[in-house]
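Participant: My structure is below; once you've seen it, I'll send some questions.
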Amino acid sequence: MSLVFCPLPLFQWLPPFCAWYSFRPHSLQLAELSPGQGVLMVLLVFGLIELIQYGVKQYRLRPLVEELRRQQPPYYASLPQPLKRDFEKRVVNFLVRKRFIPRGENFEVTLGMQVRVAACAVQVTFGLAPISLPHFSRILLYPDRYYSAEFKRYHSGEVNMRGCIVLSWKDFQVGYQNASDGFNLGLHEMAHALHLENMISNQEHSFLDRQHLLQWDQLAQQEMKRQQQTPGTFLRPQACQDEHEFFAVCVESFFERPKAFSSHHPDLYQALAQLLQQDPAKGIYQL
Ligand SMILES: [Zn+2]
């Protein structure tokens, strides 16, 4: 199931309104009204249309919020009440802009699965101004690991520049079964998407603070070099492949074992907290 919501902007009502006005019954001639009354009537009609649109929108989106509240993903469940409302809005905003595509025979992508994936994306971006990662408009879900013809091996997830976030649903779920081991496929792939989206020239370009990003890049390069000479024990070796993998692996530990991250790599942790504008080690969701 794919969610599509297309609100009709106000201006799109103008042609039908004008057409109606041209063929209006005699009793409704606005010419009989004073200019002030005519303007007031038009405003009232438009206001009513907006109100109806808002009501329809709320009615259509309510199941998404209800599903999120029913599922209670761990990050959402830990939020104080006012932040929960913000989180819900962001999940809805993410979902109405994405197309979920099931891959694999007889594999269905349920509303619950969509909500979990959206909640994962919002978790990573929650400290920032609301963003929806518009370049990544399609989310492909496989039931299990899938064969990548491009890389000629089995994958559990990837993010590609063709605008897709690809996930193995089984591995996505495993990532949340142990919430403190520093392995989380969903967080990993959403971190890749966030990192790339910041570089892609579109309406959400450069949303990460430049100074914070510069600081992060410098520390990341230092740490990658250090780990190549003397492998560390906290970040897994995958982190040293390149700066993208380093960022994604760090994001997994940032959320899943923030206190240990902060004590093993305090400078890196602080730089990432500044970059993502949240500090899970201190229970701060928005700096
Ligand atoms: Zn990766």
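The values are calculated or read from the model by the stated rules, or taken from the named source; none is laboratory data. Just so you know, these numbers come straight off a predicted model, no measurement behind them. Cβ: placed from backbone, ideal geometry, glycine included. Neighbour counts: every protein chain shown.
Participant: Can you tell me which of (1) farther than 24 Å from Pro102 by Cα; (2) more than 16 Å from the ligand (Cβ to nearest atom) is the one Leu235 doesn't meet?
Facilitator: (2)
Participant: Could you tell me which residue of the stretch 88-141 is nearest to Ala193 (Cα to Cα), considering only residues that are in a strand (DSSP E or B) and out of contact with any Gly (no Cβ under 9 Å at 6 or more places or on another chain)?
Facilitator: Across the stretch 88-141, the extreme among qualifying residues is Ile139.
Participant: At pLDDT 95 or above and within 12 Å of the ligand (Cβ to nearest atom), is that true of Leu219?
Facilitator: Numbers: at pLDDT 95 or above: yes; within 12 Å of the ligand (Cβ to nearest atom): no.
When the stated conditions are applied, Leu219 does not pass them.
Participant: From Tyr147, Tyr176, Tyr142, which residue is surrounded by fewer than 24 Cβ atoms within 10 Å (Cβ to Cβ), more than 14 Å from the ligand (Cβ to nearest atom) and closer than 15 Å to Pro73 by Cα? Before the answer, list the steps.
Facilitator: Numbers: Tyr147 fails: closer than 15 Å to Pro73 by Cα; Tyr142 fails: closer than 15 Å to Pro73 by Cα.
Just a single option satisfies the conditions, and that option is Tyr176.
Participant: Take Ala149 and tell me if it is farther than 23 Å from Phe183 by Cβ and modelled with pLDDT of 95 or more.
Facilitator: Numbers: farther than 23 Å from Phe183 by Cβ: yes; modelled with pLDDT of 95 or more: no.
Answer is no for this residue.
Participant: Take the residues in the stretch 184-209 that are hydrophobic (A, V, I, L, M, F, W, C) and away from the ligand (no atom under 16 Å from the Cβ), then tell me which one is surrounded by the most Cβ atoms within 10 Å (Cβ to Cβ). Working first, answer last.
Facilitator: Let us first name the residues in the stretch 184-209 that are hydrophobic (A, V, I, L, M, F, W, C), namely 185, 187, 190-191, 193-194, 196, 199-200, 207-208.
Subset that is away from the ligand (no atom under 16 Å from the Cβ): 200, 207-208.
On the way: Ile200: 15, Phe207: 15, Leu208: 19.
Here the residue is Leu208.
Participant: Of Val109, Val65, Val91, which residue is hydrophobic (A, V, I, L, M, F, W, C) and either under 11 Å from the mean Cα position of the chain (by Cα) or closer than 26 Å to Phe254 by Cβ (or both)?
Facilitator: Working: Val109 fails: either under 11 Å from the mean Cα position of the chain (by Cα) or closer than 26 Å to Phe254 by Cβ (or both); Val65 fails: either under 11 Å from the mean Cα position of the chain (by Cα) or closer than 26 Å to Phe254 by Cβ (or both).
Just one listed residue meets the conditions, Val91.
Participant: Among the residues of the stretch 228-235, is there at least one that is loosely packed, with under 12 Cβ neighbours inside 10 Å and within 12 Å of Ala271 (Cβ to Cβ)?
Facilitator: No.
Participant: For the stretch 107-135, which residues satisfy the criterion of being aliphatic (A, V, I, L, M), under 26 Å from Ser201 (Cβ atoms) and in contact with a helix residue (DSSP H, G or I) (Cβ under 8 Å, 6 or more places away or on another chain)? Explain how you work it out, then say what you get.
Facilitator: Residues of the stretch 107-135 that are aliphatic (A, V, I, L, M), as a first pass: 109, 111, 113, 115, 117-119, 121-122, 124, 128-129, 131, 133.
With under 26 Å from Ser201 (Cβ atoms) added as a condition, the list becomes 117-118, 121-122, 124, 128-129, 131, 133.
Answer for the stretch 107-135, where residues must be aliphatic (A, V, I, L, M), under 26 Å from Ser201 (Cβ atoms) and in contact with a helix residue (DSSP H, G or I) (Cβ under 8 Å, 6 or more places away or on another chain): Val117, Ala118, Ala121, Val122, Val124, Leu128, Ile131, Leu133.
Participant: State which residue pairs qualify: first residue touching a residue at least 40 places away in the same chain (Cβ under 8 Å) and charged (D, E, K, R) and inside the stretch 218-246, second residue more than 14 Å from the ligand (Cβ to nearest atom) and in a helix (DSSP H, G or I) in any location, beta carbons under 8 Å apart, and separation of 6 or more residues or different chains.
Facilitator: Listed pairs, sorted by first residue: Glu223/Leu268.
Participant: Being assigned to a helix (DSSP H, G or I) and surrounded by fewer than 20 Cβ atoms within 10 Å (Cβ to Cβ) is the requirement here; does Arg85 meet it?
Facilitator: On the way: assigned to a helix (DSSP H, G or I): yes; surrounded by fewer than 20 Cβ atoms within 10 Å (Cβ to Cβ): yes.
Considered against the rule, which asks whether it is assigned to a helix (DSSP H, G or I) and surrounded by fewer than 20 Cβ atoms within 10 Å (Cβ to Cβ), Arg85 comes out as yes.
Participant: (1) at pLDDT below 95; (2) touching a helix residue (DSSP H, G or I) at 6+ places or on another chain (Cβ under 6 Å); (3) of a type outside the set (S, T, N, Q): which one isn't true of Gly104, the others all being true?
Facilitator: The one condition Gly104 does not meet is (2).
Participant: Taking the stretch 153-166 on its own, how many of its residues are within 12 Å of the ligand (Cβ to nearest atom), within 19 Å of the chain's Cα centre (by Cα) and either assigned to a helix (DSSP H, G or I) or touching a residue at least 24 places away in the same chain (Cβ under 8 Å) (or both)?
Facilitator: Here is the first cut: in the stretch 153-166, the ones within 12 Å of the ligand (Cβ to nearest atom) are 155-160, 165-166.
Next cut, within 19 Å of the chain's Cα centre (by Cα) only: 157-160, 165-166.
Add one more test, that the residue is either assigned to a helix (DSSP H, G or I) or touching a residue at least 24 places away in the same chain (Cβ under 8 Å) (or both), and what stays is 157-159, 165-166.
So the answer is 5.
Participant: Additional query: Take Ser78 and decide whether it is surrounded by 11 or more Cβ atoms within 10 Å (Cβ to Cβ) and either assigned by TED's automatic domain parsing to the domain that holds Phe254 or polar (S, T, N, Q) (or both).
Facilitator: Details: surrounded by 11 or more Cβ atoms within 10 Å (Cβ to Cβ): yes; either assigned by TED's automatic domain parsing to the domain that holds Phe254 or polar (S, T, N, Q) (or both): yes.
Against the criterion (surrounded by 11 or more Cβ atoms within 10 Å (Cβ to Cβ) and either assigned by TED's automatic domain parsing to the domain that holds Phe254 or polar (S, T, N, Q) (or both)), Ser78 qualifies.
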